[in-house]
Amino acid sequence: MARIDCELRVPRDIPDAELDGEEPAIRERCTAGAARTVVYLLISVFRRLAGGALVREVAATADSMGGIDMTLHLEWNSYFLRMTYAHSLNDSWQRLEIRHFRRGAALPAGVALGWDLELTGEGVLKVSLAGADRPVADEIRGLLKKCFRSVSKIPERSAPSPTGAYPSGEEAAGSDDGGESESEAMTPALVRLIAVFDTERDPYM
């Protein structure tokens, strides 16, 4: 088993042929360039962890002011991955702000995946993966480097928590106070309680 904790910066453009090979709907329904790369990566990662991927919903649109609105819903057998993300100009029209971010995943027993996303600037995706077989983890590392120009290891304590749980009681941007976040609601309780992390560590991820 292997673990990955890394920060990715500056999404690369993925050739149309590769987008179509992974999922034709990406190119058809994702017009925001950076978001398109993130969608491609998440579908690719989920497919390798779950053994397949059925795209129930996918969209990533951009407006003329730099705003982005994303939706992704994947399923395979009893597994799923869901994400919604939106950023737009703040009320004073001075800078882009994340308005909404929810994510959750149910994966094979012992596999935990977490990710945080921020596309208001150069594009930053933080990924945490534990419990995957080493060949699968190695393949995912290759995907990360393929999709982003900069891939750097981050401390486990700084990595995103898996399946929608947030450290120190924090909620995702845009969540309602005092209630369970949508991402936590997405994830079955038994999956949220899984904390099977191996002791084997890759020195580079």
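The values are calculated or read from the model by the stated rules, or taken from the named source; none is laboratory data. Because the structure is a prediction, the values reported are computed rather than measured. Glycine gets a Cβ as well: all are built from the backbone with ideal geometry, and neighbour counts include every protein chain shown.
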Exercise for the section: For the stretch 112-148, enumerate the residues that are of a type in the set (D, E, K, R), surrounded by 16 or more Cβ atoms within 10 Å (Cβ to Cβ) and not in a helix (DSSP H, G or I). Expected result: 116, 118, 126
Fill in the blank from the handout: When the stretch 43-73 is checked residue by residue, the ones that are closer than 17 Å to residue 97 by Cβ and in a strand (DSSP E or B) are 62, 68, 69, 70
Fill in the blank from the handout: The residue that is farthest from residue 3 (Cα to Cα), considering only those in the stretch 149-161 that are part of a strand (DSSP E or B) and not polar (S, T, N, Q), is 149
Exercise for the section: Can you give me the number of residues within the stretch 95-111 that are at pLDDT 90 or above, part of a loop (DSSP other than H, G, I, E, B) and farther than 16 Å from residue 53 by Cβ? Expected result: 2
Handout entry: Qualifying residues in the stretch 15-37 (those that are among the hydrophobic types (A, V, I, L, M, F, W, C) and touching a strand residue (DSSP E or B) at 6+ places or on another chain (Cβ under 6 Å)) - the one nearest to residue 123 (Cα to Cα)
Key = 34
Fill in the blank from the handout: When restricted to 88, 92, the only residue closer than 20 Å to residue 33 by Cβ, at pLDDT below 95 and either part of a strand (DSSP E or B) or out of contact with any Ser or Thr (no Cβ under 9 Å at 6 or more places or on another chain) (or both) is 88
Completion exercise
Selection over the stretch 1-42 where residues are of a type in the set (Val, Ile, Thr), part of a helix (DSSP H, G or I) and over 16 Å from residue 70 (Cα atoms) yields a count of 0
Fill in the blank from the handout: Expected single match for out of contact with any helix residue (DSSP H, G or I) (no Cβ under 8 Å at 6 or more places or on another chain), free of Cβ contacts under 8 Å to residues at least 12 places away in the same chain and among the charged types (D, E, K, R) among 69, 91, 63 is 91
